[in-house]
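The values are calculated or read from the model by the stated rules, or taken from the named source; none is laboratory data. Note that the structure is a prediction, hence the values are computed from the model and not measured. FYI the Cβ positions are ideal-geometry reconstructions off the backbone, even for glycines, and counts take in every protein chain you see.
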Amino acid sequence: MIEEFKQDIKSLYESIINFKDIDIEEFKQKWNVKNYIADVYQMLSKKELKKETGSFYTPIEIVEFMVDKIIEEIDFNKNLYLKIVDPSCGGGYFLIRIFEKLKEKIKSIGNENIEEQIIKNNIYGYDIDEYAVMITTIELYERSGHIPKNIILGDFLTSDIEKFDIVIGNPPYMGHKLLTGEYRSKLYEMYNEVFSDKADLSYCFIKKSIDILNEGGRLIFITSRYMLEALNAEGIRRYIKNKGRIKSIVDFYGIRLIKGAGVDNIIIDFIKDDKDKDIEYIRLLEKAKGKGKKVFQDIGYGKSEFVRKISVNINSLEDRGWIFLSNKEREVLNKIKGVYLSDICESFQGIITGCDKAFVLKKNSAKELDIEENLLKPWIKSSNIEKFNVLPTDDFLIYSDIIDDVDKYKKAVNFIERFKNALENRRECRKGVRKWYELQWGREEEIFKGEKIVFPYKSSSNRFAIDCGSYFSADVYVIKIRDMFLKTTSYKYICGILNSSIYEFYIKSMAKKLGDDMYEYYPNKIMSIKIPQYIKKIEDEVNNVKEDTIYRIDMILCKIFGITEDEYEIIRSWCS
């Protein structure tokens, strides 16, 4: 069906550019187009194609919010020939809305031939999808009666682009793994300031868009919020700060409005000048979920039912990660003193089996199969971890990395062998680095032995637990005290600190926010926090965990850091 749709689009497009008689209504009736042709194209396109191109069309309420925000602030008495470009125009949603709003605005100042002027002088678009270009052309032609010549089939990133006054849109979401080797190498060369290692393609779009802006020009993108915090986004954060100012950031904060993209979004509004450095940071609240257009009307009218607004100076944002806190929140954060956790501890990731079914089984099954006992290790996942404690599990891991002779471990090898084909296809096995019956990444056994602190990689709240002897999956990380500090601190003390409300606020203030009220507890963030030197009272609280243990630990820390009652209420507002 998609091929028939494409053929009809091509025929319609060719009829328009060749000035033949056309009936767009007939096409719309055939394909049941209710609002936009791109809606049908998106529905018919395969999910795989969207992932290959990184193309996910923007919900119309977001398009309207972004376009209206820009157009309402333009004085067309001063600049009637303002040039606006969407660098990845897709089905033309942004350009259609821009046409409609410009027509309204310019008409109000009494100009004639409005439609022709807008199509010829104001609106431009690029896309690498020829059908997206055709659809945008058809949509704009239907509304204006004029053939748009400025909708270009081409790669915005590698083309020579003229200067523009406004860049607006939704750049593709595509990680380095989806880019071909030759193209990726070209981008690394062209965009080395912002694009390297595991950076996202959208960073190249942001840089190029800033570069082609006239002085005083405006960039407004809806893009991934990972650029606020990700390690590989340090280059683009620095570039944005050095090239102008951010007027505002709307942070969706885990509320996903673009279906299928699997990306948490922000709307960034950038101006290429060196004026006021204060940023209006707008964070969507949980109650905004499912409210759609009303949320953006709320923002537009300056209300706050669904959002939280603060003003942040751009100079307070560090290149290593942008943390948006109110002045009071930042004051609280600055009170937390101590030594870096990384100075006294180290962190490790759990085991990657490469095929859990081949190595993980229930205790009863292991007993029935008579699996060699010294290979069996208690196995936990992130769901087993609570604050302070690890829930009991009847899962066991066959730790096959210690098999030195397959004949000595026939029962275990026979169990694993059921999945031999899949195991042999693992990358490390194909390279000859691992034997087929070994774990993909078994880590050093010393990591799992003895006392340690375990915590989940993703969680809605701090969940640090003391464990002894469990082995665990890659969605769990471990903290181990360095040998030289074992006499001057303790696991219970560190566990108490990390489970406190104070440290939940501390960690969440800099952690990546994910969808569904989840945060990323990545070790590079956890290990960078500061903790005070050993406090026996906190260890005593952990020795006898009660319903109010967290509160009691909080009160000890509030006294040490000089945190007031009002400041403690701010901290509590961040906690689950």
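Okay, here's what the table says:
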quantity: Single match in C468, C495 (criterion: under 26 Å from D548 (Cα atoms) and without any contact (Cβ under 8 Å) to a residue 24 or more places away in the chain); calculated: C468
quantity: Odd one out for K78, checked against (1) over 18 Å from A38 (Cβ atoms); (2) touching a residue at least 24 places away in the same chain (Cβ under 8 Å); (3) assigned to a loop (DSSP other than H, G, I, E, B); calculated: (2)
quantity: Given (1) among the aromatic types (F, W, Y); (2) part of a helix (DSSP H, G or I); (3) out of contact with any Asp or Glu (no Cβ under 6 Å at 6 or more places or on another chain); (4) modelled with pLDDT of 95 or more, number of the condition F65 does not satisfy; calculated: (4)
quantity: Residues (closer than 18 Å to I385 by Cα, of a type in the set (D, E, K, R) and in a strand (DSSP E or B)) located in region 499-519; calculated: none
quantity: Members of region 505-533 that are among the basic types (K, R) and more than 15 Å from K458 (Cβ to Cβ); calculated: K530
quantity: Residue in region 288-306 that is buried (at least 19 other Cβ atoms within 10 Å of the Cβ), free of Cβ contacts under 8 Å to residues at least 60 places away in the same chain, of a type in the set (A, V, I, L, M) and part of a strand (DSSP E or B) present; calculated: no
quantity: Residue in region 365-376 that is at pLDDT 95 or above, of a type in the set (S, T, N, Q) and closer than 14 Å to V476 by Cβ present; calculated: no
quantity: Failed condition for P392, given (1) touching an Asp or Glu at 6+ places or on another chain (Cβ under 8 Å); (2) more than 30 Å from Y281 (Cα to Cα); (3) modelled with pLDDT under 95; (4) not acidic (D, E); calculated: (1)
quantity: Criterion (without any contact (Cβ under 8 Å) to a residue 12 or more places away in the chain and either surrounded by 14 or more Cβ atoms within 10 Å (Cβ to Cβ) or in contact with an Asp or Glu (Cβ under 9 Å, 6 or more places away or on another chain) (or both)) met by exactly one of D548, D540, D554; calculated: D540
quantity: Subset tally (residues that are under 23 Å from C429 (Cα atoms) and in contact with a strand residue (DSSP E or B) (Cβ under 7 Å, 6 or more places away or on another chain)) for region 354-367; calculated: 3
quantity: Residues (assigned to a loop (DSSP other than H, G, I, E, B) and buried (at least 17 other Cβ atoms within 10 Å of the Cβ)) located in region 323-354; calculated: I323, F324, L325, I336, G350, T353, G354
quantity: Unique residue being part of a helix (DSSP H, G or I), modelled with pLDDT under 95 and closer than 27 Å to L325 by Cα when the list is L257, L228, L187; calculated: L228
quantity: Residue satisfying all of: in region 229-238; surrounded by fewer than 19 Cβ atoms within 10 Å (Cβ to Cβ) and not charged (D, E, K, R); nearest to K207 (Cα to Cα) among these; calculated: N232
quantity: Residue match in region 185-196 (condition: within 27 Å of I62 (Cα to Cα) and of a type in the set (S, T, N, Q)); calculated: no
quantity: Those residues of region 196-206 which are crowded, with 20+ Cβ neighbours inside 10 Å and in contact with a helix residue (DSSP H, G or I) (Cβ under 9 Å, 6 or more places away or on another chain), in sequence order; calculated: A199, D200, L201, S202, Y203, C204, I206
quantity: Test result for G216, surrounded by fewer than 19 Cβ atoms within 10 Å (Cβ to Cβ), within 30 Å of I17 (Cα to Cα) and either charged (D, E, K, R) or without any contact (Cβ under 8 Å) to a residue 60 or more places away in the chain (or both); calculated: no
quantity: Candidate set from region 209-225 (those that are among the charged types (D, E, K, R) and over 15 Å from I268 (Cβ atoms)); member that is modelled with the highest pLDDT; calculated: D211
quantity: Complete set of residues in region 26-47 that are under 34 Å from the mean Cα position of the chain (by Cα), free of Cβ contacts under 8 Å to residues at least 60 places away in the same chain and crowded, with 16+ Cβ neighbours inside 10 Å; calculated: V33, D39, V40, Q42, S45
quantity: Any hit, region 340-348, residues being over 22 Å from Y226 (Cβ atoms), at pLDDT 90 or above and either among the β-branched types (V, I, T) or in contact with a Gly (Cβ under 7 Å, 6 or more places away or on another chain) (or both); calculated: yes
quantity: Qualifying position, being modelled with pLDDT of 95 or more and farther than 15 Å from F415 by Cβ, among I351, I314; calculated: I351
quantity: Residue selected from region 129-146 under the condition surrounded by 15 or more Cβ atoms within 10 Å (Cβ to Cβ) and part of a loop (DSSP other than H, G, I, E, B), by the criterion nearest to the chain's Cα centre (by Cα); calculated: D129
quantity: Check on I222, under 14 Å from the mean Cα position of the chain (by Cα), part of a strand (DSSP E or B) and within 19 Å of F324 (Cβ to Cβ); calculated: yes
quantity: Single match in K458, K435, K420 (criterion: touching a residue at least 24 places away in the same chain (Cβ under 8 Å), touching a helix residue (DSSP H, G or I) at 6+ places or on another chain (Cβ under 9 Å) and not polar (S, T, N, Q)); calculated: K458
quantity: Enumeration of residues in region 478-530 that are at pLDDT below 90 and of a type in the set (S, T, N, Q); calculated: N524
quantity: Check on G235, farther than 22 Å from D278 by Cβ, of a type outside the set (V, I, T) and either assigned by TED's automatic domain parsing to the domain that holds Y93 or assigned to a helix (DSSP H, G or I) (or both); calculated: yes
quantity: Whichever residue in region 497-528 is within 24 Å of E539 (Cβ to Cβ) and among the small types (G, A, S) and, among such residues, is surrounded by the fewest Cβ atoms within 10 Å (Cβ to Cβ); calculated: S528
quantity: Among the candidates F5, F19, F56, residue that is at pLDDT below 90 and farther than 30 Å from V250 by Cβ; calculated: F19
quantity: Counted residues, region 11-25 - those being surrounded by 11 or more Cβ atoms within 10 Å (Cβ to Cβ) and either of a type outside the set (V, I, T) or in contact (Cβ under 8 Å) with a residue 24 or more places away in the chain (or both); calculated: 8
